[in-house]
Ligand SMILES: Cc1cc2nc3c(=O)[nH]c(=O)nc-3n(C[C@H](O)[C@H](O)[C@H](O)COP(=O)(O)OP(=O)(O)OC[C@H]3O[C@@H](n4cnc5c(N)ncnc54)[C@H](O)[C@@H]3O)c2cc1C
């Protein structure tokens, strides 16, 4: 994204998940956090609050933050409706990486590695997103395509050949890179159903447990939303002076974050629709509206949400700490 740092006063990073985990882990240890692995939570108890682990241990705390992902157990505490946590979207994604050393030897595709960038191929009901990760050592690919089959029936041994078939006949350069993929995993793509509350007493859910979404609003938006949650929660808790005020800090946090993440869930769904038109009149209208940006001409709006200036503003100019500050000020405290 040209001018990103100038416009939003921060760089645009893409980070390998393992590197990001390692950085968070190191920071947690520096702060004196004690990490206990292999401790599956069997039950969350709002009274106390406390958790019961599968090995029978009970742990109590002033506040329990549950970031237990898309299949969250804790979500059931705050959502008593019994509804599903997410909807299937009729799409799935193959995820894979290619060793950049293989690509560098081929001038037809090596240009993709020349500078850090995100590249998207959009075609009939499908798209492919690529970017380098791990300080340019690995070429990351996410290949979305229609799939309404039951994920429990998927055979992992077919994934590589199925993936190649899905994108047969696409841009020759893309086919060449896909041909270099040695293994892939297919993931179902789901979109979370927004909740009215994230807190139950002094237990709060966040991250995918609260707001899983399609990875179509800039690939990093899903995990970035979880990171913003963490920043916002820290900021809200920093405003209180006693344990008795924790519920108020949680209430302000959830109001601010439900608003933000619901908008991002909607935008991701919208971008999925725009990118996945079947070949036909809608696809041609979309492509025509994207001509200025493709030609490098100035443009004021785009159906591609990643480059649409208004969407970029609310997406990237957001300041999680400032939003929490403002929400606290509105309470007059
Ligand atoms: C195909 C696909 C592509 C994606 N691509 C990207 C991308 O490129 N960039 C991006 O930013 N995001 C991407 N995401 C989304 C991203 O993975 C999530 O948004 C992010 O991992 C959410 O973090 P989380 O901590 O909330 O949940 P998770 O990362 O799911 O972590 C939840 C953790 O809780 C643990 N857990 C679950 N239940 C229990 C229990 N009962 N007791 C104890 N522990 C438990 C799990 O083992 C897990 O470690 C993608 C997702 C998919 C499906």
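FYI, it's all coordinate maths here, none of it is from the lab. As the structure is a computational prediction, the values presented were derived from the model and not from experiment. Reconstructed Cβ throughout: ideal geometry from the backbone, glycine too, with neighbour counts over all protein chains shown.
Mean residue ellipticity, 222 nm, helices only, the chain: the sum of -39500 (n - 2.57) across DSSP H runs of n ≥ 4, divided by residue count and rounded to 500, is -11500 deg cm²/dmol. Counting 0.36 nm for each residue step from residue 9 to residue 227 and taking away their Cα separation leaves a gain of 76.7 nm. Could you tell me how many degrees, from 0 to 90 and to the nearest 10, lie between the Cα long axis of helix 17-30 and the main elongation axis, the longest principal axis, of the Cα atoms of the chain? That helix lies at roughly 30 degrees to the long axis.
Using alpha carbons only, how many angstrom separate the centre of the range 256-333 from the centre of the range 82-126? Spelled out, the Cα-based centre of one part sits 20 Å from the other. Note on residue 245 and residue 95: with the Förster distance fixed at 30 Å, the Cβ-Cβ geometry gives a FRET efficiency of about 0.10. Residues 131, 216, 12, ranked from the fewest to the most other C-beta atoms within 10 Å, line up as 12, 131, 216.
Just want the ordering: 97, 132, 152, from fewest to most Cβ atoms lying within 10 Å of their own Cβ.
Values: 97 18, 132 22, 152 6.
In increasing order of surrounding Cβ atoms, one gets 152, 97, 132.
Using the Cα gyration tensor of the range 11-142, with a ≥ b ≥ c the square roots of its eigenvalues, what is the shape: rounded (a/c below 1.5), prolate (a/b larger than b/c) or oblate (neither)?
Values: a/c = 3.49, a/b = 1.81, b/c = 1.93.
Note, shape of the range 11-142 comes out oblate.
Eigenvalues of the alpha-carbon gyration tensor of the chain, scaled by 5 and square-rooted, set the equivalent ellipsoid semi-axes at 37, 24, 20 angstrom, largest first.
In what sequence do 211, 127, 9 fall when counting other Cβ within 10 Å, fewest first? Write out the running numbers ahead of the final one.
Working: 211 26, 127 21, 9 10.
Least crowded to most crowded, the residues run 9, 127, 211.
Given the Cα atoms of the range 13-56, and with Rh set as the inverse mean 1/r over their pairs in the Kirkwood sense, what is Rg to Rh to two decimals? All intermediate terms of the calculation are to be shown ahead of the outcome.
Details: Rg = 14.6 Å, Rh = 12.9 Å.
Result for the range 13-56 is an Rg/Rh of 1.14.
For the chain, a Gaussian network of Cα nodes joined below 10 Å ranks 247, 116, 151 by mean-square fluctuation, and the top entry is 151. Working from Cα pairs under 8 Å separated by at least six residues, relative contact order for the chain is 18 percent.
Over its Cα atoms, what ratio of radius of gyration to 2.2 N^0.38 Å does the range 165-250 give? Don't skip to the answer; put the middle values down first.
Working: Rg = 20.1 Å, N = 86, 2.2 N^0.38 = 12.0 Å.
After normalising by residue count via 2.2 N^0.38 Å, the value is 1.68.
Count the DSSP beta bridges whose two residues both fall in the chain, then state the antiparallel fraction as a percent rounded to the nearest 5.
95 percent
Quick one: Kirkwood hydrodynamic radius for the range 146-208, alpha-carbon pairs, angstrom, one decimal? Don't skip to the answer; put the middle values down first.
On the way: mean 1/r = 0.0656 Å⁻¹.
Evaluated on the range 146-208, it is 15.2 Å.
Pairwise Cα distances in the range 88-191 exceed 19 Å for 42 percent of all pairs. In percent, rounded to a whole number, the relative contact order of the range 213-333 is 33, using alpha-carbon pairs under 8 Å and six or more apart. Between 86, 253, 20, the residue with the greatest mean-square fluctuation in the GNM of the chain (Cα pairs under 10 Å linked by springs) is 20. Classified by the C-alpha gyration tensor, the range 177-333 has a prolate form. Its axis ratio a/c, with a ≥ b ≥ c, is 1.5 or above, and a/b is larger than b/c.
By the compact-protein rule of thumb, 2.2 N^0.38 Å, the alpha-carbon radius of gyration of the range 234-276 corresponds to a ratio of 1.71.
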